[in-house]
Amino acid sequence: MKILTRDVPPRAVWALEQAGVHPLLARLYASRGVATSDELDDGLPRLLPPTLLKGAREAAVLLADAIAADKRLCIVADYDCDGATACTVAVRGLRLLGARHVGYMVPDRVADGYGLTPPIARRVKDTGADLLITVDNGIASVDGVAAANALGLQVLVTDHHLPGAELPAAAVIVNPNQPGCEFESKSIAGVGVMFYVLLALRAELRARGAFETAAQPKLDALLPLVALGTVADVVKLDANNRRLVAQGLKRIRAGALPCGLSALFTVAARKAQVATTFDLGFALGPRINAAGRLADMTLGIECLLTDDAARGDELARTLDGINRERREIEGDMREQALQIAESLFDAGDAPPPAICVFDPDFHEGVVGIVAARIKDKLHRPTFVFAASQAPGKEHELKGSGRSIPGFHLRDALDLVAKRHPGVLLRFGGHAMAAGCTVAEEHLDTFEQALGQVAQEWLDAATLLRRLYTDGPLAPEYLRPDLVDTLHHVVWGQGFAPPVFSEEVEIVSQRLVGEKHLAIRLKHQGQPVDGIWFGHTEPLPARVKIAFRLDADEWQGVRRVRFLVEGAEL
C-alpha cells in the first residue's frame, strides 16, 4: 500500500478561513474541491431548481392530470435501499399532494430480476392501475414499457441510471442522465429524482390554484428518507446531494422523522439526535437492503411508510433479524470465497489481474457484498457468482462485480460480450459496480476473457493500492469536541471522510477478539490509543499509518482514539 496526501489549494483554504470556516475544516474542504463558502451553504433555497431537470415539468402535468381525474397510480420500485426510499417518498408525497389511490409493487430479486418487465406490467394492470410510475429503475426497461403501453397503461419513468442505446417509449422520462438534460447533479440518487418530481408537481398544482403558497403541503418531511436513500446508494455526494443529505440529517436530529426510521435507529443502537452519514450508510441502509437480499423489500418499504409506532417497531425488529441472518450468510460466504480467490495464486505472489469466484452453495442475495470484501482485500476487480434460484434458470449463474479505480467494470463487460458473443446472457452497471448473468458452462470462458481485459487495461501503478489522506494532524486538534464537529459534516462517496497520516511510534500492541489489533502509540509525543479492525499482523516500532478520528468514553471521560485504515509496511 502507498499512502499519499491530497493536494490542498492554498487560495481556497485562505478564502474559506476568511469566511469563518475552522482552519482544519477549511483544509479538508479545499482538498475536496470546495473553493468558496457558498458551496457549503446547505439551505433549501440553494438546491438546484426542478425546472432544470428534463421531463420534470411534463411529469408534473401528467401527475396533476391523473390526480384531477382520480386515477389509480402504481409505483414499481427497486429492491435496494434507494428503491425502497424512492417508493416511500413517492407514495407519501403523492398522497400529500392529493392522490387518493397510490399503490406500489416491488419486483422479486430472484423471480423477476431487475426493472420493469412485461410480467410486472401485467401485474400492475391487474391491480386496476391507470398510471405506472417507476422509481430507481425503468430507463433500460424497453420491453416492459412497451408491454405496459400495449395494456393501456400510461408510464412515467423516474430513474438515475445510465440509459442504453434505446430509450423506453414512456409517456415521460425523468432522468438527469438522459440525452439533453441540463441538470448539473448527474449523480443524484433515484430517491432524489422522485423528490424533484414531487417538487415540480407541487409547483404545477400551485399554478392550477390547488392551494396557496402559504398553505401548500410541506415536502421537506420527506428529506430524511431522501438522505437515507442517497447515502445508502453510495452516489457521489456533489454539492446538491450534500444539501439533500444535510437537510435530511437536520430533521432526523430534530426528531422529525417517520416512526419506522426512528425504530431502525433504535434496533441499530444508534442515536437519531446525533445521526451521521455513517449511521445512514452502515447501520440503517444495510437493514433495509437485507430485506431485498434475503426476503421481500415490501418489509422495508412498509417500515418506512407506516405511521403506527408499534408497527414500525415490529417491522424494524424484523429487518434487524433479517440483517443478522444476512451477516451470518455473508460471513460464511466471505471466508469460503476468500479461500477460493487465494487458491488462484501462490502465497507470496501477486493476485491475478481479475478475480472470479463461484460456489454452488453461494446465495445470490449477497454476492455483491462478498465481491466488495474480496476487492477490498486483494485490490483486484472481482466477480462473485451464485446459481440462479429462478424457476427454469437453474443452469444460469448470476454474478455481481466490484472494481478498483482505473478499471471501468461495465465497459469491461461490454468488451467481453463483443469478443465472446453469447457468453454474457445479460449485463449492466457502472464503473465500480456491475452485474451479469452467464450460463454455467461458459463461466471458465468468462473468467479467462475478463482476465484478458484486465491484463490489457491494468498496469503495475493501477494495481498498487493507493490510500489518499489528509496528511499530518496537528496535536492541538486531538480533542473530542473537534471529532464531534468532523462527524457532523456530510461525508461520503466523492467527498471522502477525513483520513490523516503520519509516522508514529508504536508503544504496545495486542490482539482483541482474535481479529483486531489494539495499539498504544505516540503521536507527536502524545500517547493515543488506536485500533485496526480486521487486522492481526503486528506493526513495527515506527510506522507510517493512515487513521480516522474517533472518540470513546472510559469511566465518564471522553478521549480521542485512532481508527487505523492502513499502514505503509
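The values are calculated or read from the model by the stated rules, or taken from the named source; none is laboratory data. Worth saying up front: this structure is predicted, and the values here are computed from it rather than measured. When we count neighbours, we look across all protein chains shown, and the Cβ atoms used for this are built from the backbone with ideal geometry, even at glycine.
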Condition check for R100: at pLDDT below 95 and in a loop (DSSP other than H, G, I, E, B): no
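For G260, indicate whether it is over 20 Å from V235 (Cβ atoms), of a type outside the set (A, V, I, L, M) and modelled with pLDDT of 95 or more. Let's see the steps before the verdict.
Values: over 20 Å from V235 (Cβ atoms): yes; of a type outside the set (A, V, I, L, M): yes; modelled with pLDDT of 95 or more: yes.
So G260 fits the description; yes.
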Long-range neighbours under 6 Å by Cβ, at least six apart or interchain, first residue part of a helix (DSSP H, G or I) within the range 225-236, second of a type in the set (D, E): G229/D82
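May I ask you to say which residue of A232, A207, A239, A254 is under 23 Å from L97 (Cβ atoms) and outside the structural domain of I369 (by TED's automatic domain parsing)? Step through it out loud before you land on a result.
Values: A232 fails: under 23 Å from L97 (Cβ atoms); A239 fails: under 23 Å from L97 (Cβ atoms); A254 fails: under 23 Å from L97 (Cβ atoms).
Just a single option satisfies the conditions, and that option is A207.
Which ranges mark the strands (runs of 3 or more DSSP E) fully within the range 436-539 that have 3 or more residues being under 15 Å from V564 (Cβ atoms) and either in contact (Cβ under 8 Å) with a residue 60 or more places away in the chain or acidic (D, E) (or both)?
Numbers: elements: 466-469, 500-512, 516-523, 526-532.
By residue number, 500-512.
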Going by the conditions given, is K54 more than 23 Å from A221 (Cα to Cα) and either without any contact (Cβ under 8 Å) to a residue 12 or more places away in the chain or in contact with a Gly (Cβ under 7 Å, 6 or more places away or on another chain) (or both)? yes
Among D313, D296, D279, D320, which is part of a loop (DSSP other than H, G, I, E, B) and either of a type outside the set (G, A, S) or in contact (Cβ under 8 Å) with a residue 24 or more places away in the chain (or both)? D296
Which condition breaks for K418 when tested against (1) over 21 Å from E325 (Cα atoms); (2) modelled with pLDDT of 95 or more; (3) surrounded by 18 or more Cβ atoms within 10 Å (Cβ to Cβ)? (3)
Just one listed residue, out of A283, A316, is over 30 Å from L450 (Cβ atoms), surrounded by 15 or more Cβ atoms within 10 Å (Cβ to Cβ) and either within 19 Å of the chain's Cα centre (by Cα) or modelled with pLDDT under 95 (or both), and it is A283
Restricting to the range 1-26, count the residues that are within 11 Å of S37 (Cβ to Cβ), surrounded by fewer than 15 Cβ atoms within 10 Å (Cβ to Cβ) and touching a residue at least 24 places away in the same chain (Cβ under 8 Å). 0
